[in-house]
Amino acid sequence: MGRGDASGEPRRSPRWHARRGAIIDASAPLFARSGYHATGITDLCEANDLGKGALYHYIGSKEELLAAIHDRVMDEVMVGADRVAQEPGSPSQQLEMLGRELLDVIARYPDHVWVLLHEYPALTGERAEQFRGRREEYERRIEVVIRAGIDSGEFRDVDPRLAARVWLGMHNYTYLSLRVSGPLSARDVAGPFADIFIYGIANPTPPERGRRSPQGAE
């Protein structure tokens, strides 16, 4: 009987895992540029300088590679959420920390994030269920913080689930403009994002507008 773990999966060496990680990272830009369905195994082999047999040795299947790209993002995002959960702070401070963690992942993995946001419908069966579960778990983390702010009176009485999705929408699509080489870093953006989300853009003391004179008055 061959070596393996309790699940029946063969044990893999650190070198195997490192090579697989490199394949995941090299393949994400191909999916981001051409799309998952339009990217063929030949394209992936060329990008990774591997034959088909060697490529499948590391990824199993094209869909498994897609799932691994999703996991690369979600692993990092959940680790960041765990870090924030261990830190003290008000709900406002917690949201800013969560934003900083999320934007840091987006800045480091923009192609992976593109794939996660646009190609998740290509996942099927158990892989689709696993991704959906992880995404919902992260949304619940945001919702819990918003609900805590509502309960404490720090936030208005809004729909926590809807507010969490608005928060995610603000942050997720920064992959379009936030790049490591750009003028703004994740830390530069996280504070203003938190401020805009929490306080909005309405001026609490708007300047008085000029009043119109009564009709016929000089």
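What follows draws every value from the coordinates through simple rules; no lab data is involved. Given the structure is predicted, the values throughout are model-derived calculations rather than measurements. Using ideal geometry, Cβ is built from the backbone for each residue, glycine included, and neighbour counts are taken over all protein chains shown.
Quick check for you: which residues of region 142-175 have the amide N under 13 Å from the point 7 Å beyond the Cα of Ser90 toward its beta carbon? Within reach of a label on Ser90: 149-150, 152-156. Distance between the modelled labels on Asp49 and Ala26, one decimal in nanometres: 0.7 nm (7 Å Cα→Cβ projection).
For a quick check: sort Lys62, Lys52 by the number of other beta carbons within 10 angstrom, fewest at the front. Walk me through the numbers before you get to the answer.
Numbers: Lys62 19, Lys52 11.
In increasing order of surrounding Cβ atoms, one gets Lys52, Lys62.
Shown for Met78, Met97: other C-beta atoms within 10 Å of each C-beta, ranked fewest to most, produce the order Met78, Met97. The slack between Glu126 and Asp188, meaning 0.36 nm per residue of separation minus the straight C-alpha distance, is 18.5 nm. The residues neighbouring Met97, those whose beta-carbon lies less than 13 Å from its own, together hold a net charge of -1 under the Lys/Arg +1, Asp/Glu -1 convention.
So if we plug the beta-carbon distance of Met170 and Tyr56 into 1/(1 + (r/R0)^6) with R0 = 41 Å, what FRET efficiency do we get, rounded to 0.05?
Values: r = 39 Å, r/R0 = 0.96.
Step by step, r from the Cβ atoms, then E = 0.55.
Would you mind checking region 62-89 for residues with the amide N under 20 Å from a putative spin-label position 7 Å along Cα→C-beta of Leu117? Hits in region 62-89 for Leu117 at 20 Å: 66-81. For region 62-199, a/c is not less than 1.5, where a ≥ b ≥ c are the root eigenvalues of the C-alpha gyration tensor, and a/b does not top b/c. That puts it in the oblate class. Label separation (Glu139 vs Asp151): 2.1 nm, computed from points 7 Å beyond Cα along the C-beta direction.
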